[in-house]
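All remarks here apply to the structure that follows.
Derivation of every value follows stated rules applied to the coordinates shown; laboratory data play no part. Please read these numbers as outputs of a predicted model, since none were measured by experiment. So basically every Cβ, Gly included, is an ideal-geometry build from the backbone, and we count neighbours across all protein chains shown.
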Amino acid sequence: MKNDIHDLALVLDSRVRLVVIESWEEQRVLQTIGTLAVRRAQTWYTWNHIDGLSRLGFGADMDAEQDTRDAETALEQIRRAGEPALYVFCDVHPFLDSPRIVRLIKMLAMATEKVAPTLVLVSHSVPLPPELSRLAARISLSMPSDEQLAAIVREEATRWSEQNRGERVRTDNQTLQQVVRNLRGTTHEEARRLARKLIVDDGAITQEDLPTLNKAKFELLDMQGVLSYEQDTAHFADVGGLSQLKRWLSEREHAFNGDPSLKDTPRGVLLVGVQGAGKSLAAKAVAGLWGLPLLRLDVAGLYNKYIGETEKNLRDALQLADALEPCVLWIDEIEKGLAPEGGDQGVSRRLLGTLLTWMAERRSRVFLVATSNDVTQLPPELIRKGRIDELFFVDLPSAQVRADIFHIHLAKRELAVEQFDLAALAQASDGFSGAEIEQAVVSAVYSAAAGEQAVGNGHVLKALSETSPLSVVMAEKLDALRAWANERAVRAD
């Protein structure tokens, strides 16, 4: 609060007569203003549409005969009194469509006297009309630091313990650190409510609570729309191969999570390659590996028939992702939204410009994972170093990786893996992608169930033999993609 009081004092000392504070924490704003007013022995009033003007602190009461619940009446009384006090108006923004109210605020804001009233408009959002915007100073309350967030979690744990006969909240240091990281971007009260929800259910804070916390924070920040929250993030144990990508991510996890000795934060990767080779699963696995929320940006959902709305949708989505930091932002098949088409009237180019600016200038800890099936459609400025950290090529899996993928999908369906000849299955699936291997296992399960048999090697081999993999159907395009990536990308496996 000390910094907030200091910032507000600087604004008032500059003799700005109209101050806007946007915050969800009205009580904290009022407490900050009250503390400063007491220090200065200055009278201050609050206003809302229910109670009207109420005097707080030192000084004489306003004229009690007038009903100041009406915003226009209250502003007119302030103008006539001319008292050098602070007037804090809570939720006055719905009335800013009145020309008389706007004019009264403008007259107060333009006061040139050395001693004059100061208006402070407070709400979660205060969109000022153009005639007032240049007369106002906007300040924001500071968000809680990591130390404050940790203290909030400890306070809620202590409160739960006191209510449960001294029983201690079960947790571990690593999980607590992740909880604190994922609480960043929330206000003090929001962080307190979220921490309380984590603890009150079972008296424990565990790794299983992190997805629940991330989803609750997502809903709290109202991010529904073109951004979606991915509840089920994969673990890298569920991703066959990609050893180079796994190593690269492991080396950068500590840096992304806020190593104070490192000034540069990992920015993101672009995964290009064959359809079904595991690019999307790898994107999900990044969030699972780092214990972060995963947001998926639907590029197709950005488009709007009205001019300018498409770009605004993207800006809003990126702003919301910044608010949820630290997180992973996944843009699947990015070329479909940024590749120019004849009739889009330049929308794709404007989208690209908005995205490039955010990629280059963002300071938030949002790790971008973009995937593409046709990299030749991507503009070169999107894939240069500085906007992304690395370009990875995801090829068809090798024999050993195919065996691992069979093991993963057989075990996922609770089949006895030891009864299958993984080497033979891997050999028979040469040229298959991970997605095609999974579908072969699914087909084998269906076939065995139809014949009332236990799933065996033969069922899987039969499913493989009846499948024409993409590497055969689109052999020419795959060869061209491999030739392109040979000297331009790092192999992910």
Among 88, 199, 77, whose Cα projects farthest towards the positive end of the dipole of the chain, with charges put on the beta-carbon of Lys, Arg (+1) and Asp, Glu (-1)? 77
Can you give me the relative contact order of the chain as a percent, contacts being Cα pairs under 8 Å and 6 or more apart? 12
Once each part is reduced to its C-alpha centroid, what is the distance from region 455-493 to region 132-166 in angstrom? 52
Cα coordinate range in the chain, projected on the principal axes (Å, largest first): 92, 67, 47
The ³J(HN,Hα) series, computed from each phi in region 198-209 with the Karplus coefficients 6.51, -1.76 and 1.60 at θ = phi - 60°, rounded to the nearest Hz and given as x for glycine or proline, is 4, 8, 5, 5, 9, x, 8, 10, 10, 4, 5, 7
Quick calc, the chain, dipole around Cα centre from Cβ unit charges on Lys, Arg (+) and Asp, Glu (-), nearest 20 debye, gives 1380
Please list 3J(HN,Hα) in residue order for region 324-334, calculated via the Karplus relation 6.51 cos²θ - 1.76 cosθ + 1.60 where θ = phi - 60°; whole Hz, with x for glycine and proline. 9, 4, x, 7, 10, 9, 10, 10, 8, 6, 4
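How large is Rg over Rh for region 264-393, taking Rg from the Cα atoms and Rh as the Kirkwood inverse mean of 1/r across Cα pairs?
Radius of gyration over Kirkwood radius for region 264-393 works out to 0.94.
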Which of 98, 348 has the fewest Cβ neighbours within 10 Å, and the rest in rising order: 98, 348
Dipole-positive endmost among 186, 37, 359 within the chain (Cβ charges, Cα centre): 37
Compute the FRET efficiency between residue 103 and residue 16 as 1/(1 + (r/R0)^6), taking r as their Cβ-Cβ distance and R0 = 30 Å, and round to the nearest 0.05. 0.95
Using the 10 angstrom Cβ neighbour count as an exposure proxy, how do 104, 324 rank, fewest first? 104, 324
Taking the chain as the reference, fit the longest principal axis to its C-alpha atoms, fit the long axis of helix 309-323 to the helix C-alpha atoms, and give the angle between the two in degrees, 0 to 90, nearest 10. 90
Dipole size in debye (nearest 20) for region 2-139 around its Cα centre, Lys and Arg Cβ +1, Asp and Glu Cβ -1? 580
Please identify every one of the trypsin sites (Lys or Arg not before Pro) in region 162-206 that sits in a loop by DSSP and has no more than 15 other beta carbons within 10 Å of its own beta carbon. 165, 168
Counting only DSSP beta bridges with both partners in the chain, the antiparallel fraction in percent, to the nearest 5, comes to 20
Using DSSP to define loop residues, name the trypsin sites (Lys or Arg not before Pro) in region 1-40 whose beta-carbon has at most 16 other beta-carbon atoms within 10 Å. 15
For region 358-450, which GluC sites (Glu not before Pro) pass both filters: DSSP loop (anything but H, G, I, E, B) and at most 11 other C-beta atoms within 10 Å? 414
With Cα atoms, 0 to 90° folded angle of helix 243-256 axis to the chain main axis: 20
Yeah, region 2-139 with a ≥ b ≥ c from its alpha-carbon gyration tensor (a/c under 1.5 is rounded, else prolate when a/b outruns b/c, oblate otherwise) is rounded
Given 469, 442, 455, which one lies farthest toward the positive end of the charge dipole of region 437-493, if we put +1 on the Cβ of every Lys and Arg and -1 on the Cβ of every Asp and Glu? 469
So what's the net charge close to residue 361: Lys and Arg +1, Asp and Glu -1, counting the other residues with Cβ under 13 Å from its Cβ? +4
Counting pairwise Cα distances across region 134-202, what percent come out greater than 21 angstrom? 31
Karplus 3J(HN,Hα) series, Hz, for region 461-474 with 6.51 cos²θ - 1.76 cosθ + 1.60 (x for Gly, Pro): 4, 5, 5, 5, 5, 8, 10, 9, x, 4, 5, 8, 5, 10
Sites residue 381 and residue 161 - FRET efficiency at Förster radius 60 Å, r taken between beta-carbons, to 0.05: 0.65
